[in-house]
1. Pull out a ≥ b ≥ c, the square roots of the eigenvalues of the alpha-carbon gyration tensor of the stretch 48-173, then state rounded if a/c is under 1.5, prolate if not and a/b is larger than b/c, and oblate in the remaining case.
2. Rounding to the nearest 10 and keeping the result within 0 to 90°, find how far the Cα-based axis of helix 37-52 lies from the longest principal axis of the chain.
3. Calculate the spin-label point distance for T475 paired with A495, positioning each point 7 Å from the Cα along the beta-carbon direction, and give it in nanometres.
4. Please report the accessible area of T339 (heavy atoms, 1.4 Å probe, ligands and nucleic acids excluded) in Å², nearest 10.
5. How big is the dipole moment of the stretch 191-265 about its Cα centre under a simple scheme where the beta carbon of each Lys and Arg is +1, that of each Asp and Glu is -1, and everything else is neutral? Debye, nearest 20, please.
6. Rounded to the nearest 20 debye, what is the charge dipole size of the chain about its Cα centre when +1 sits on each Lys and Arg Cβ and -1 on each Asp and Glu Cβ?
7. Pop out the ³J(HN,Hα) list for the stretch 121-129 in order, Karplus 6.51 cos²θ - 1.76 cosθ + 1.60 with θ = phi - 60°, rounded to Hz; leave Gly and Pro as x.
8. Give the aspartates and glutamates reachable from K186 as a straight Cα distance under 16 Å; neighbours fewer than 8 places away on the same chain don't count.
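The values are calculated or read from the model by the stated rules, or taken from the named source; none is laboratory data. Nothing here was measured: the structure is a model prediction, and the numbers come from that model. Cβ coordinates were reconstructed from backbone atoms using ideal geometry, including for glycine residues, and neighbour counts include every protein chain displayed. Heavy atoms of the whole protein, side chains included, go into the accessibility calculation; ligands, DNA and RNA do not. Shrake-Rupley method; radii C 1.70, N 1.55, O 1.52, S 1.80 Å.
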Amino acid sequence: VTRSAVCPQRAVKTRGGVLRQHLGHSFMPSPLMGVDMQRYRWIIAGLLCLMGMGLRAVTRIVDINGAGQYTSIQTAVTASSPGDTVLVYPGTYTENIRIRGNTISLFSLEAITSDSSFIASTVIDGGLISSGLRVNENVRNIKVRGFTITNCRVGILLDRYSTSVISNCVITGNQSVEGAGMIVFKCTTVLSGVRIFNNYAYKMAGGIYINGNMGDVNITFDQLNRCSIYNNTAGAGQDIVANSINNDLSIPLEMFTVANPSSFYAAAYRTSGNEFELTIDAQAFHHQEINHDLYVSPEGDDANDGLSPATALKTIRTAVYRVASDSSNPKTVHILPGTYSRTTNQQVFPIPMKSWVRVRGAGIEDTQVVGEMDPFYSNVTNNALRVFTSFYQSNASLEDLSITSAGSDNSCAIWSFEEEALQLKNLRMHDLKPYSYAVVNIRRASNILWENITVEDITTDQLGLLYNDGYITGTIRNSVFRNAASTYTSNQVWAKPLIWTSAGQSFTVENSIFTNLS
């Protein structure tokens, strides 16, 4: 079959049907090498011609080299009508694609050839501007298959009330505030053979953020053509966060980050009081946590093993990520003397805490952690600098260091949510600028033990030294809260207090000083 004689490229019609068998892939598809693209063009043209005879739906060919009808994916998608297929030839397309019409299929050549090398060679690059691919609100019956999506502020965003099937895509190298790899927001989707890895989110959900808050979300992970979600990082919920979904969620995977994942990696975020669980069934794991104390030094290197001061790691975050959470034998991340900041030694904030792990400095005077916001996230509205975070962790501990901030007008030393037995000992938190959050900002904490902590030298026009929402139980002892001024003004009686707690059944403050608060 030749394009000129039988099926000219610009007149191809098809019903949009594709091969739907489950495909097996390696985790890192190989680049397209040695492929006879001219031969593929003849074969594909013939297939499309045979599939489309006498039918209305159109297949729109996108080729960045100019051999198709379009050189831009967005232009082809915008021109599509319900039932159309946008077929994308290999290349790197620097675009931020929005799908606004119903019943559109967006495919690489992998969809009709079953050749997985087309996944690696057909790339959507978001240019770190916005999401790489977005299915808009109320858009129905969208199919996406066979792409690598990278360098985006969210790889794929599925907006509310949309329906979609995402198949055989690689989502990697993206970064955002939340849900760097994928956001599934109050919609219905099926994920099949999708691989989400090496993405980073500042707040939570480096891999995938499943958000049903104040609405329904229905997500299905293919049991046969399994997805993989691994080695993503975030301020909380490294790989997966599910926010207030309406039922337990089964997540069958080919690969996950670690065996027996805790809430450090996959968190059920219950903001509205509903109880649900995440069940991960993975066949393989990316790495094993290190069941040994680790060391961090300003002169360290994250390529080291971290097992001794002589082979210390450089970043505190990397040490916490690698160390094992072991309730029977808790581990310690030792932070050696020095100053730790983004500009001096490439620290990454926030630093997430982990259950049954102590993060311990060499002393208040010897170990200083200076929180600094990455400029990439600094222009996001109300995005506060969080130096340390603890999200659904148990028996996490932070000890023997000082915390301050630099270059931020909205900073918080410790942000935590739903903690059990959070321990803070021998800490000094000073010269921060709380706005969205207090210096220590806690939502529901049970059985705390805070001892010998000093929070001081704060000026704010919003929240202050300590804010607790929900309830707090446990003990604060031998601590000092001092030298804080609120510049908040209001025409009403209400003002925001510098220290605000909601006490649970048993909450004790003993031998502590509150002074010079105005």
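1. oblate
2. Compared with the principal axis, the helix lies near 80 degrees.
3. 3.4
4. 60
5. For this selection, approximately 180 debye.
6. Values: 39 positive and 42 negative charges, 420 e Å.
Using Cβ point charges on Lys, Arg, Asp and Glu, the chain gives about 2020 debye.
7. The phi angles translate into 8, 10, 10, 9, 10, x, x, 6, 9 Hz.
8. E137, D159, E178, D216, D248
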